[in-house]
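Take a look at the structure below.
The values are calculated or read from the model by the stated rules, or taken from the named source; none is laboratory data. For clarity, every value in this text was computed on a predicted model and none was experimentally measured. Here the Cβ positions follow ideal geometry from the backbone for every residue, glycine too, while neighbour counts run over all protein chains shown.
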Amino acid sequence: MAKFIRIDMGTRTAEIGACPEKYAGLAGRGLTSMFIADEVKPTCHPLGKYNKLVFAPGFLTGTSAVNSGRISCGAKSPLTGGIKESNSGGSFSQKMARLDIKALVFEGLPADGKYAVVKVDKDGVTFDEAPAEIVGAGNYDAIKVLQDKYGPKVGVALIGPAGEMKLSAANISFADPEGNIRSAGRGGLGAVMGSKGIKAVIIDDAGASAVPIARPEEFKSAAKRFANALTTHPVTGQGLPKYGTNVLVNILNEAGGLPTENFRRGRNEWANNIGGETMAATIEERGGKTTHGCHAGCVIRCSQHYVDKQGKYITSGFEYETIWALGADAAIDDLDAIAYADREYDEVGIDSIETSVAVAVAMDAGVIPWGDAKAALDLIRQIRQGTPLGRILGCGAAAVGQMYGLTRVPVVKNQAIPAYDPRAVKGVGLTYATTPMGADHTAGYAVATNILRVGGFVDPLGKEGQVELSRNLQIATAAVDSTGMCLFIAFAILDIPDGFNALVDMINARYDLSLTGDDVTALGKTILKAELDFNRRAGFTSAHDRLPEFFEEPCPPHNTVWDFTDEEIDSVLAF
Amino acid sequence: MIITVKCYATLQRFQPGGGEEFSLPGGGTVHDVVLALGIAPEEVAVIFVNGLHAPMDKALAEGDRLGLFPAVGGG
């Protein structure tokens, strides 16, 4: 019987129960969002006693299905004030699944203001004081201390200094199989974890048995077909492993959709210096690792070890959005400097997208000069120092914009707009405007269809077809985020129908079900509706589904503007 | 006719050694350029001419900026 574990951080007690019937058929984002919608008071303070933090593995996590090791984290977001699901790689989720834990729920506030390490294993839940040397420390050292103490193979979820300071952009970091860092980056869930006095959660699956499969032969054959789709599609089989997500810099630059200097234009002259091709060549030349997976069983392996000139590790999971934000939006034409910034984000435990966009806004405000790598690093390091300016930066792009009186602040629902100019990639603009998550490219990645010509083609500069595209992608994504699958599987299954069928077949074989593709769509709709309803009860209206007015300015080189009517925007999620 | 050509990702190896300037005497289409560079047309998944998506048979004009990509993705 799947377990549902509630942990009260006020009393430091845990209640291990059977999974309630209403959550039995849910997992991943579906579970976290339905749970938050059910149990969290929508008007609560995100750092207060009524908020809850929930972790859930996906439907297929812990099985032999490739790329199924993602973990969903949910809560009311301190950044957006709305519902949040943020997911991550790392080892934690697979260990949860093997322990047959459907969800870990953290409730209450600590009585003494001290930080605890919560340990979960086959015998239950225990609470330790956080070792003094990890409080205020960087996440890399903290993971080492925790894995020395609890075992080299345990899964670790932790907050860094940003989460301890309860900054609105603080993330939750997860140890990957090598003890490096992956993050549930967006929306400030690290601040929620910090508010509950949780420095780290340790998960030890020693003694756990394999995840049960109801129809093993059928599962095996579907898993093979699914893996085949991922390895044969050129994006997941070749492009991502070779260049990482940063392969997107040059294609967005060519398309005129690479926001440069705080969204003033969509193309720049130095893009190739920071792009995936240059990055892969640099890593190879220095003896780093161009490809590795963020969790066991990943066959896409889009991550890498970016190393310095001496071949020493700087960072991994060095993503397009981070590199875009510092390299183009903040005009820092220096991949090494961006890598050191990415390392500091991981150390301090803060969203690398939000904070990098905030750096660009700070440059626009004249706090530091455009493109000044050293000044940017100094500014980012102020987060760990807890200076007033560091804390403002750590509360995101909107906070910086407000403090300095700017109107050119690229956020929706207070969350920074990533990496794709909505005037030149209009489909994703609709996703930014309408997703209940706040501006989030992953919520309905219309870039695939607008720019990459994956899953069909819709002209990025026109309005036609974009409403339906964003809607359908948002529905599909809510479902995929429930499977435990990496979202990048979508590149393959959008083009290879048997890949999608195999995904559904695996879920059916795992749980002895007979779902169809329509059921998957229905699940996605149910999740989105619950999320939208939570936000409505939290005070959100369609007035919050709007892009900042500076997007009325033409965006060179195409000089297109954001021109959807309110009615068109409001029709995206009217289903 | 002189155009600018940029080959990215796995097509980078076909980038002319002399730089981005490409001479196409008498004009031609994207397809002509692709063949002249020695690229198998089926390797090209996304084509931009002056930042706009273009088909393989798009006729090129003096000064055009041509970007050639294999299938790529990320996010």
* Asked: Would it be correct to say that residue A:296 is in a helix (DSSP H, G or I) and of a type in the set (A, V, I, L, M, F, W, C)?
  -> no
* Structure fact -> Within the range A:34-65, residues being surrounded by fewer than 24 Cβ atoms within 10 Å (Cβ to Cβ) and closer than 30 Å to residue A:224 by Cα number 1
* Go through the residues of the range B:15-37 one by one and say whether even a single one is more than 10 Å from every other protein chain (Cβ to nearest Cβ), exposed (fewer than 15 other Cβ atoms within 10 Å of the Cβ), under 22 Å from residue A:451 (Cα atoms) and not acidic (Asp, Glu). => no
* Any idea which residue in the range A:303-328 is nearest to residue A:254 (Cα to Cα), counting only those that are within 14 Å of chain B (Cβ to nearest Cβ) and among the polar types (S, T, N, Q)? -> A:322
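For the range A:193-214, state whether one or more residues are touching a Cys at 6+ places or on another chain (Cβ under 7 Å) and over 17 Å from residue A:140 (Cβ atoms).
Keep residues of the range A:193-214 that are touching a Cys at 6+ places or on another chain (Cβ under 7 Å), which gives none.
The answer is no; no qualifying residue exists.
Considering only the range A:223-237, state which residues are surrounded by fewer than 24 Cβ atoms within 10 Å (Cβ to Cβ), of a type outside the set (D, E, K, R) and either more than 7 Å from chain B (Cβ to nearest Cβ) or assigned to a loop (DSSP other than H, G, I, E, B) (or both).
Step one: of the range A:223-237, the residues surrounded by fewer than 24 Cβ atoms within 10 Å (Cβ to Cβ) are A:223-225, A:227-228, A:231-232, A:234, A:237.
If we keep only those that are of a type outside the set (D, E, K, R) as well, we get A:223, A:227-228, A:231-232, A:234, A:237.
A:223, A:227, A:228, A:231, A:232, A:237, listed by residue number.
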* Asked: residue A:118 is checked against (1) within 24 Å of residue A:46 (Cβ to Cβ); (2) in contact (Cβ under 8 Å) with a residue 60 or more places away in the chain; (3) assigned to a helix (DSSP H, G or I) and fails just one. What number does that condition carry?
  -> (3)
* **Breaking point among (1) closer than 28 Å to residue A:236 by Cα; (2) buried (at least 19 other Cβ atoms within 10 Å of the Cβ); (3) within 26 Å of the chain's Cα centre (by Cα); (4) not small (Gly, Ala, Ser), for residue A:562** => (1)
* Does residue A:484 meet the test of being more than 14 Å from chain B (Cβ to nearest Cβ) and more than 24 Å from residue A:567 (Cα to Cα)? -> yes
* Asked: Mind checking which residues of the range B:16-50 are at pLDDT below 95 and not hydrophobic (A, V, I, L, M, F, W, C)?
  -> B:16, B:17, B:18, B:19, B:20, B:21, B:23, B:25, B:26, B:27
* Structure fact -> By residue number, the members of the range A:3-36 that are closer than 22 Å to residue A:515 by Cβ, in contact with a helix residue (DSSP H, G or I) (Cβ under 7 Å, 6 or more places away or on another chain) and of a type in the set (A, V, I, L, M) are A:26, A:31, A:34
* Structure fact -> Restricted to the range B:47-75 and to residues being in contact with a His (Cβ under 7 Å, 6 or more places away or on another chain) and facing another protein chain (nearest Cβ under 8 Å), the residue surrounded by the most Cβ atoms within 10 Å (Cβ to Cβ) is B:75
* Asked: Only one of (1) in contact with a helix residue (DSSP H, G or I) (Cβ under 7 Å, 6 or more places away or on another chain); (2) surrounded by fewer than 16 Cβ atoms within 10 Å (Cβ to Cβ); (3) outside any loop (DSSP other than H, G, I, E, B) is not met by residue B:42, so which one is it?
  -> (1)
* Asked: Out of (1) in a strand (DSSP E or B); (2) surrounded by fewer than 16 Cβ atoms within 10 Å (Cβ to Cβ), what's the single condition that is false for residue A:113?
  -> (1)
* Output the residues belonging to the range A:423-441 that are crowded, with 24+ Cβ neighbours inside 10 Å, assigned to a helix (DSSP H, G or I) and within 12 Å of chain B (Cβ to nearest Cβ). => A:428, A:431
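Just wondering, is there one or more residues in the range A:207-222 that are away from every other protein chain (no Cβ under 14 Å), under 25 Å from the mean Cα position of the chain (by Cα) and in contact (Cβ under 8 Å) with a residue 60 or more places away in the chain?
Filtering the range A:207-222 down to residues away from every other protein chain (no Cβ under 14 Å) leaves A:207-222.
Those still in the list that are under 25 Å from the mean Cα position of the chain (by Cα) too: none.
Within the range A:207-222, not a single residue is away from every other protein chain (no Cβ under 14 Å), under 25 Å from the mean Cα position of the chain (by Cα) and in contact (Cβ under 8 Å) with a residue 60 or more places away in the chain.
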* To do: Please enumerate the residues belonging to the range A:238-262 that are more than 15 Å from residue A:323 (Cα to Cα), in contact (Cβ under 8 Å) with a residue 40 or more places away in the chain and either crowded, with 24+ Cβ neighbours inside 10 Å or at the interface with chain B (Cβ under 10 Å from one of its Cβ atoms) (or both).
  => A:240, A:242, A:255, A:256
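For (1) without any contact (Cβ under 8 Å) to a residue 40 or more places away in the chain; (2) in a helix (DSSP H, G or I); (3) not hydroxyl-bearing (Ser, Thr, Tyr), each residue gets a yes or a no:
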| position | (1), (2), (3) |
| --- | --- |
| A:327 | no, yes, yes |
| A:331 | no, no, yes |
| A:338 | no, yes, yes |
| A:371 | no, no, yes |
| A:375 | yes, yes, yes |
| A:401 | no, yes, yes |
* To do: Go through the residues of the range A:441-454 one by one and say whether even a single one is in contact with a Lys or Arg (Cβ under 6 Å, 6 or more places away or on another chain) and either closer than 20 Å to residue A:566 by Cβ or not basic (Lys, Arg) (or both).
  => no
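Quick grid of which residues meet (1) under 17 Å from residue B:46 (Cα atoms); (2) modelled with pLDDT of 95 or more:
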site: A:242; (1), (2): no, no
site: A:249; (1), (2): yes, yes
site: A:256; (1), (2): yes, yes
site: A:261; (1), (2): no, yes
* To do: Out of A:490, A:476, report the one residue that is out of contact with any Phe, Trp or Tyr (no Cβ under 9 Å at 6 or more places or on another chain), without any contact (Cβ under 8 Å) to a residue 60 or more places away in the chain and of a type outside the set (Ser, Thr, Tyr).
  => A:476
